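S.K.: Structure incoming, see below.
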Amino acid sequence: MPTLAIVGAGPGMGLAIARTFGGRGFDTALIARTKENLDTLVDQLGQEGITAAAFPADVLDRASLTDALDAAKARFGTIDVLEYSPAPHSPVPGITLAAPSEATVENLQPQIEYIFYGAVAAARTVLPAMREAGAGTLLFTTGGGSVDPVPMLANVNAPAAALRNWVLNLDKELAGSGVHAAHVAINVWIGEGGPEGFPTARPEQIAPLYWDLHENRDRSEAVFNA
């Protein structure tokens, strides 16, 4: 069975992506901070006939992230698709929002660590084996502000844009290797409870984009708009 590893797995997009790939024969390695939440997702997927396993890790702790991905590979034998989309559902120390004029090294650095450096660390963990196999997909998610910045999210948009640039460049480097990298920009509020007037979408509406990018290796980016 091929294996999908989701870094930042949760009950929204992570679960929807796991179902999208799992329904097409993929096993799933779920990586996030809280084991209890991951175990709940593993049970849900298991009831739907999808094999999944939990690997707790914190993207701000690069060693734990690397260990989790290595453990997932040991458990399933391979990681064929990596998807990186951590999004805090509870406060993360040091992570705040700032407008462009309020951006400082201090409030940018945690976002850079969370959004960009964690993605690079995850990719570097799985990429050597993908290159050796001559096959693999690396998928990275940001908000729409990576393409069209939003002032109130300036210190989030900047590292997200850096990640987008790096992913597009990585895909160029990997051309002809059998390994593909792609970026997804989600330009809507996911689920319910968003700001009034802001476009929304259900995770199940967005998740097929990831399969499309995995299958269509000529595409290095997709932007989801309402």
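The values are calculated or read from the model by the stated rules, or taken from the named source; none is laboratory data. On a predicted model such as this, the values are computed, not experimentally measured, just so you know. Cβ atoms come from the backbone with ideal geometry, glycine included; neighbour counts cover every protein chain shown. Calculation scope for accessible area: heavy atoms of the full protein, side chains included, ligands and nucleic acids excluded. Shrake-Rupley method; radii C 1.70, N 1.55, O 1.52, S 1.80 Å.
S.K.: Take Ser85 and decide whether it is of a type in the set (Gly, Ala, Ser), open to solvent by 10 Å² or more (accessible area, probe 1.4 Å) and without any contact (Cβ under 8 Å) to a residue 12 or more places away in the chain.
M.R.: No, not satisfied.
S.K.: Which count do you get for residues in the range 204-226 that are within 18 Å of Asp148 (Cβ to Cβ), surrounded by 14 or more Cβ atoms within 10 Å (Cβ to Cβ) and without any contact (Cβ under 8 Å) to a residue 40 or more places away in the chain?
M.R.: Count: 1.
S.K.: Does at least one position in the range 56-66 carry a residue that is out of contact with any Leu (no Cβ under 6 Å at 6 or more places or on another chain), within 21 Å of Leu170 (Cβ to Cβ), polar (S, T, N, Q) and without any contact (Cβ under 8 Å) to a residue 60 or more places away in the chain?
M.R.: yes
S.K.: Conditions first: (1) out of contact with any Lys or Arg (no Cβ under 8 Å at 6 or more places or on another chain); (2) open to solvent by 10 Å² or more (accessible area, probe 1.4 Å). Gly191 passes all but one, so which condition is the exception?
M.R.: (1)
S.K.: Same structure again: Kindly indicate the residue of the range 137-169 that is in contact with a helix residue (DSSP H, G or I) (Cβ under 7 Å, 6 or more places away or on another chain) and within 14 Å of Arg219 (Cα to Cα) and also surrounded by the most Cβ atoms within 10 Å (Cβ to Cβ) among those meeting that condition.
M.R.: Phe140
S.K.: If a residue must be part of a loop (DSSP other than H, G, I, E, B) and within 12 Å of the chain's Cα centre (by Cα), how many such residues does the range 13-45 contain?
M.R.: So the answer is 1.
S.K.: Looking for something modelled with pLDDT under 95 and touching a strand residue (DSSP E or B) at 6+ places or on another chain (Cβ under 8 Å) - is there at least one such residue anywhere in the range 89-97?
M.R.: No, the range 89-97 has no match at all.
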